[in-house]
Amino acid sequence: MLLSRFSRANINLRKPTIQTRSLRNTYFKSGNRGWQGFYRRGVDPNNLFLGIIGANVAVYGVFVFSDAQWKRFNDPKWMRFMLKNFTASWYNISSGRIWTLVTSSFLHTRLDSLIFNMLTFYFMAPQAIAMLGARTFLMLYCGGGLAASAVTLSNPSNGASGAVGSTLGFFAASFPNATFSLYFLLPVQAWMAVGGLVAWDAYNSFNSPYSANAHKSRLSGTVAGVAFAMLRMRGIGPRIPWR
């Protein structure tokens, strides 16, 4: 388990300041419609942070309920609903359920995976939100989920690990010398910890048939997060200043 020694208490998840708003307005001058309007309207970072955690927990709760209904009462209605609306697959895409590319980013099917991902998100996301702002961070999170979904469409899959992996990858690329506590014991620099995780996921993507999709999901999301950080460092992307 990778846990950052950065304290959330040291990160100020405040609303954009007047100065930041004025800087953003110089980049987006025309009206409040479409994506430009989305960037100009305020999004509270704390609400986004807690909302993503809450959405993951809530969707997992619905999945547990669906699984119980199916196994205990032989009622597949709720499980069918989850498969159709919260898993990414060619079948769903071809059936017009494009939203599953995003909603799958909030689905966990195992409690240990939910706990690990939410702990990782809890420690990594505040720094990423403070750097990017809430709206750009949401694009990063959903982009990681999309990357995860894109490589696992052959079977119904969820992209939650990829979405959280994008946050982890972005954090490691932005703070390569930050210290993680591996299993709460061993201090490891971020680039080493994430590099090892990438190598582990890459190996298991081809050698663990029963969990290959899970490893591919996290691997693609992590790589997407690193790529996003590299592009931002080179000045590519929406011209929204890091805070």
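The values are calculated or read from the model by the stated rules, or taken from the named source; none is laboratory data. Since the model is a prediction, treat every value here as computed from it, not as a measurement. Positions of Cβ are generated from backbone atoms using ideal geometry, with glycine treated the same way; all protein chains shown enter the neighbour counts. In case anyone asks, the SASA skips ligands and DNA or RNA and just uses the protein heavy atoms, side chains included. Shrake-Rupley method; radii C 1.70, N 1.55, O 1.52, S 1.80 Å.
Listing for the model above:
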| read-out | value |
| --- | --- |
| Relative packing of peptides 157-166, 142-151 - highest average C-beta neighbours within 10 Å first | 157-166, 142-151 |
| Region 73-96-region 194-209 distance, computed between alpha-carbon centres (Å) | 28 Å |
| Heavy-atom accessible area ranking, 1.4 Å probe, most first, across I52, I98 | I98, I52 |
| Mean accessible surface per residue for region 87-243, computed with a 1.4 Å probe while every protein chain stays in place, in Å² | 43 Å² |
| Zero-based 5 Å bins, Cα pair distances in region 94-243, whole percents | 2, 10, 19, 24, 20, 14, 7, 3, 1, 0 |
| Net lengthening on full extension, A150/W90 (0.36 nm per residue, minus Cα-Cα) | 20.6 nm |
| Whether region 113-187 is rounded, prolate or oblate, judged on the alpha carbon gyration tensor where a/c under 1.5 counts as rounded | oblate |
| Surface share of carbon and sulfur [accessible, 1.4 angstrom probe, percent] for region 51-120 | 69 percent |
